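The values are calculated or read from the model by the stated rules, or taken from the named source; none is laboratory data. Worth saying up front: this structure is predicted, and the values here are computed from it rather than measured. Positions of Cβ are backbone-derived with ideal geometry, glycine not excepted, and every protein chain shown enters the neighbour counts. Accessible surface is based on the protein model in full, side chains and every heavy atom, while ligands, DNA and RNA are left aside. Shrake-Rupley method; radii C 1.70, N 1.55, O 1.52, S 1.80 Å.
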Amino acid sequence: MADGAVTKIIIVVNVVVFGLQYLLGPRVENAFGMLPGPAIMPDGSVGGVAAGEFWRLLTSAFLHGGL
């Protein structure tokens with residue numbers, strides 16, 4: 001692999017996902033199940049990392065709310 005290829009791939013993924021969030025708005029957040037607040041869902045159940053979805057700790061680093 002070329003020098004810095006992984007870094008360049010991560011940057012591209014960040015830009016693409018940010019663009020999708022910007023263009024599609026809440027649809028992207030809903031599709032990925034991103035919670036806007038506490039992990040307590042409206043029906044009283046637990047969601048997100050509290051429910052064992054530990055990948056959210058990593059994937060949240062690639063999703064941004066704005067510039």
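What are the pairs, 6+ residues apart or on separate chains, where a residue within the range 1-14 that is free of Cβ contacts under 8 Å to residues at least 60 places away in the same chain has its Cβ under 8 Å from a residue that is assigned to a helix (DSSP H, G or I) and open to solvent by less than 80 Å² (accessible area, probe 1.4 Å)? Taking only residues 6 or more apart or on different chains, the pairs are ILE10/PHE62; VAL13/PHE62; ASN14/PHE62.
Residues in the range 43-67 that are on the phi < 0 side of the Ramachandran plot, assigned to a loop (DSSP other than H, G, I, E, B) and modelled with pLDDT of 70 or more: ASP43, SER45, GLY47, GLU53, PHE54, TRP55.
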